[in-house]
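Here is the structure we will look at, set down as structure tokens.
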Amino acid sequence: MTQNDNGYIVSFEERKSSVLTPSSLACLSKTTTVNLSRGCAHQCLYCYTRGYSSWPGENKIVVYSNTFEKIQKEFARRRKTPECVYFSPSSDLFQPIPEILELGYQILQFLFQNHVNVAVLTKGKIPQEFYPLFEQYKKQVQFQMGLVTLNNEILSIFEPNAPCAEARLDQIKQLTSLGIPVRARLDPILPGLTDDKDSLNNLCEQLKTAGVRELAASVLFMRPSILSSLKKNIQNEGIKQCLIDRFRFQENLEIHAGQSRVFALNSDERFEILERVRSIAAEHEIVCRLCSCKNPDMNSSSCRIAGEWKQNQNPLFDLD
């Protein structure tokens, strides 16, 4: 067990259950997924995994040290390799933890060499040594980059250990310059903080400049664990109250994530916010997709979180 300079505690354990498993999220129910850890070093205040029984606690990360060995064994037993492996439903592949980054590189290299496509959702800092690997196997990798605002004050509050907005935009540019498709993920939109027209317009303008042609969006929902996290960790009373006040007249919603119920803004409010995003994105020639996992009352289509795979090509550069 070690304590990182950022104040979180890293420990290690061997994973007993299978590694390559589908997620409870509807958009990932038919996709093989991988988590390299329980807990995540980014420590996002709104993260839904804070409500999971497996969540290790504030500022704690448990690394599954035997993940690579288990994946090798699971591949040896499979009759058919998966079309795509998704990183990661409950953590981030690019956490600032050397052991996770080393483990992630080994697994990515193994998957690519076995002709498996890889979809990555991250808001982390991608080390430079990963880019040659991605360039070599660019037909087998697609990205979603999480970025909800260009306001670094808000990002530093809600995503305290994740890179600033400019760093994430630079990563998008670097990936797209290699011919690797990158979608943006505006999830969660923070009502009253990141959903105004000017903020969304500036964000979409920068995303388009970076090479983004699609984004997925969803509005923040609440669980008791998330509300507790916000109350405990947000020191700016104005920002805290602005957000919490929006949920005083919320509705109870069953979402397609672990068959659970959450508190969400009512459908009219969510529709208004998401329609604003869609309209502004369209002005910048960006397609906006709505996640049905978190908005089952409004949408039944997929946000394509695990990418699109057709004849092993990158479809974002060949849209109909």
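For this structure, a couple of remarks:
- Per residue, the chain exposes an accessible area of 45 Å² to a 1.4 Å probe, with every protein chain left in place.
- Sequentially through segment 241-248, phi angles give Karplus couplings (6.51, -1.76, 1.60; θ = phi - 60°) of 5, 4, 6, 5, 4, 5, 9, 5 Hz, Gly and Pro residues having no value and appearing as x.
- For PHE94, the accessible area of its heavy atoms, probed at 1.4 Å with every protein chain present, is near 0 square angstrom.
- Taking amide H positions as modeled 1.01 Å from N, with prolines and chain starts lacking one, the residues under 5 Å from ARG183 and 5 or more places away or on another chain are PHE143, GLN144, MET145.
- For segment 216-231, the Karplus equation 6.51 cos²θ - 1.76 cosθ + 1.60, evaluated at θ = phi - 60°, returns couplings of 10, 9, 7, 9, 3, 10, 10, 10, x, 5, 6, 4, 4, 4, 5, 5 Hz by residue, with Gly and Pro reported as x.
- Of the three principal axes defined by the Cα atoms of the chain, the extents in descending order read 52, 48, 35 Å.
- When each of the peptides 220-232, 282-294, 7-19 is scored by the mean number of other C-beta atoms lying within 10 Å of its residues, the order from highest to lowest reads 282-294, 220-232, 7-19.
- Peptides 199-212, 103-116 ranked from most to least packed by the mean count of surrounding Cβ atoms within 10 Å: 199-212, 103-116.
- Overall shape: prolate for segment 97-165, with the ratio a/c of the largest to smallest alpha carbon gyration tensor axis at 1.5 or above and a/b above b/c.
- Amide H to amide H distances under 5 Å link ASN266 with GLU251, where only residues 5 or more positions off or on other chains count and H is placed in the peptide plane.
- From the alpha carbon centroid of segment 261-283 to that of segment 160-223 is 16 Å.
- Of all lysines in the structure, those lying under 24 Å Cα to Cα from LYS125, and not within fewer than 8 positions of it along the same chain, are LYS60, LYS138, LYS139, LYS173, LYS208.
- Hz values of 3J(HN,Hα) by residue in segment 266-282 - Karplus curve (6.51, -1.76, 1.60), Gly and Pro given as x: 5, 4, 5, 5, 5, 4, 4, 5, 5, 5, 5, 4, 4, 5, 5, 4, 4
- Spin-label model, ASP198/LYS30: points 7 Å from Cα along the beta carbon direction are separated by 4.5 nm.
- Amide H contacts under 5 Å for ILE189, placed H, 5+ residues apart: SER218, VAL219, LEU220
- Contour excess over end-to-end distance, with Cα ends at THR209 and GLU58 and 0.36 nm allotted per residue: 50.7 nm
- Adding -39500 (n - 2.57) for every DSSP H run of four residues or longer, then dividing by how many residues the chain holds, sets the calculated 222 nm ellipticity at -10000 deg cm²/dmol.
- Of all accessible heavy-atom area on the chain, the percent that carbon and sulfur account for (1.4 Å): 46 percent
- Rounded to whole Å, sorted largest first: equivalent-ellipsoid semi-axes of segment 64-137, Cα gyration tensor: 20, 14, 12
- Within a straight-line Cα-Cα reach of under 25 Å, LYS73 can be paired with the following lysines, leaving aside sequence neighbours fewer than 8 residues apart in one chain: LYS16, LYS30.
The values are calculated or read from the model by the stated rules, or taken from the named source; none is laboratory data. A quick note: this is a predicted structure, and the numbers were derived from the prediction, not measured. Cβ atoms come from the backbone with ideal geometry, glycine included; neighbour counts cover every protein chain shown. These area figures cover heavy atoms from the full protein model, side chains too; ligands, DNA and RNA do not enter into them. Shrake-Rupley method; radii C 1.70, N 1.55, O 1.52, S 1.80 Å.
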